[in-house]
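Trainee: Take this structure, written in structure tokens, and hold onto it; I'll ask about it next.
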Amino acid sequence: MVIINTRISEETPLNPHTSLSQIHCNPMTNESNFSSVVRLNIGGKKFCTTVDTLTQREPDSMLAAMFSGRHTVCEDPEKGCVFVDRDGKHFRHILNWLRDGVVPKLNDAEYSELMREAEFYQLLGLIEGINSVLNKRKEVDELDSELTRTDIIKCIQSERVRFRGVNLSGLDLSKLDVDAEGSIFHNATLRECEFTGANLRGALLAGANLQSANLQDACLVDCSFCGADLRSAHLQTADLANANLEGANLEGANLKGAKLNNANLKGANLQRAYLRQVNLQNTHLENTRLDGANLLGAIR
């Protein structure tokens with residue numbers, strides 16, 4: 001007869017009138033018993049399972065050894081339960097692990113408690129599973145944590161740094177005096193970031209969101225801003241020599257006094273941009289939209 005495992009039975013407190021003399025030990029030697037239902041009393045909480053569940057997934061565990069038929073287990077003759085003197089709070093998770101091989105979703109404190117029980121019952125698979133979940137959770141927490149100015153500077157000082165798709169909105173990188181050559185901010189979200197006076201020579205910012213970012217006095221020589229969103233960006237007196245801004249959106253951006261020698265602005269949107277006192281003579285402006293731009297004093 002095949003017995004289908006059920007979930008946890010209703011908790012029943014231990015009979016306070018049961019004395020130690022009433023608990024006796026029976027060797028489980030009858031092979032037919034091993035496929036039978038097993039009733040467990042874990043610190044006063046009762047559970048119902050089978051020998052197969054207790055022995056198959058974790059064959060080297062203490063529970064598997066207890067019900068292997070090689071050992072004697074203590075059984076309450078009145079209740080017919082095998083008693084184990086442990087806290088039964090998390091034993092349902094242990095049974096579900098043995099049934100399904102799934103680590104439960106718990107908070108860190110509960111995982112610590114479950115780990116102690118797993119170690120007691122020598123459930124090596126469950127111990128490994130809990131550690132795996134906790135390590136993944138730690139990785140996610142680290143990714144979700146906010147990057148500081150120091151973190152970014154350390155990254156930029158490394159041999160090659162990439163911030164592809166990273167959200168650095170609002171980060172203050174003003175007066176960034178480290179060498180950022182070769183840094184990659186491809187598709188990064190840098191809205192309202194503070195880059196005043198920053199040295200970003202040769203940085204790749206293609207597709208980056210720099211809306212309302214402050215890049216005043218920044219060194220942006222040889223930078224790539226292809227397709228970048230620079231709407232309402234502050235680029236006063238920034239050095240954009242040889243920068244590639246093809247297809248960039250600079251609508252409403254302030255470029256007063258910016259250096260644009262040999263800059264590529266092909267197909268860029270400069271509508272309503274502020275370009276006073278800007279020298280555009282050596283700038284590539286093919287198909288550039290300049291509707292409503294302020295070009296007072298600009299050299300063309």
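Trainee: Check ILE184: other-chain or 5+ apart residues with amide H under 5 Å from its amide H, H built from backbone geometry?
Mentor: VAL161, ARG162, PHE163, LEU204
Trainee: Expressed as a fraction of 2.2 N^0.38 Å, the rule-of-thumb size for a compact globular protein of N residues, what is the C-alpha radius of gyration of segment 217-262? Provide the component values of the computation, followed by the final result.
Mentor: On the way: Rg = 9.5 Å, N = 46, 2.2 N^0.38 = 9.4 Å.
That ratio works out to 1.00.
Trainee: If you don't mind, there's one more thing I want to ask. Given a Förster radius of 45 Å and the C-beta distance between ASP60 and ASP151 as r, what FRET efficiency does 1/(1 + (r/R0)^6) yield to the nearest 0.05?
Mentor: Details: r = 44 Å, r/R0 = 0.98.
The value I calculate is 0.55.
Trainee: If you consider only alpha-carbon coordinates, what radius of gyration and Dmax does segment 194-300 have, in Å?
Mentor: My reading of the Cα-based Rg and Dmax gives 11.7, 31 Å.
Trainee: If you roll a 1.4 Å probe over segment 196-277 with all protein chains in place, what percent of the accessible area is carbon or sulfur?
Mentor: Working: 1020 of 2730 Å².
That fraction is 37 percent.
Trainee: Enumerate the lysines that LYS79 could reach by cross-link, defined here as Cα to Cα under 24 Å, with residues fewer than 8 away along the same chain left out.
Mentor: In chain and number order, the partners are LYS45, LYS46, LYS89.
Trainee: Residue by residue, what Karplus-based ³J(HN,Hα) values in Hz, rounded to whole numbers, does segment 200-214 have, using 6.51, -1.76 and 1.60 with θ = phi - 60° and x for Gly and Pro?
Mentor: 10, 3, x, 6, 9, 10, 4, x, 6, 9, 10, 4, 6, 5, 9
Trainee: Search the structure for amide H atoms under 5 Å from the amide H of ALA298, placed 1.01 Å from N in the peptide plane, and list their residues when 5 or more places away or on another chain.
Mentor: Result for ALA298 returns GLN277, VAL278.
Trainee: Let me ask you something else. Tell me the label-point distance for the pair LYS136, ASP85, using the 7 Å Cα-to-Cβ offset, in nm and rounded to one decimal.
Mentor: Rounded to a tenth, the inter-label distance reads 3.8 nm.
Trainee: Loop-only check: which GluC sites (Glu not before Pro) in segment 197-300 are DSSP coil with at most 15 other Cβ within 10 angstrom? Please report the intermediate quantities before stating the final value.
Mentor: Values: sites: GLU246, GLU251, GLU286; in loops: GLU246, GLU251, GLU286.
Hits after loop and neighbour filter: GLU286.
The values are calculated or read from the model by the stated rules, or taken from the named source; none is laboratory data. Computed from a predicted structure; not experimentally measured. Quick reminder, even Gly has a Cβ in these numbers, built from the backbone with ideal geometry, and neighbours come from all protein chains shown. Quick note on the areas: whole protein, heavy atoms, side chains included, nothing else; ligands and nucleic acids left out. Shrake-Rupley method; radii C 1.70, N 1.55, O 1.52, S 1.80 Å.
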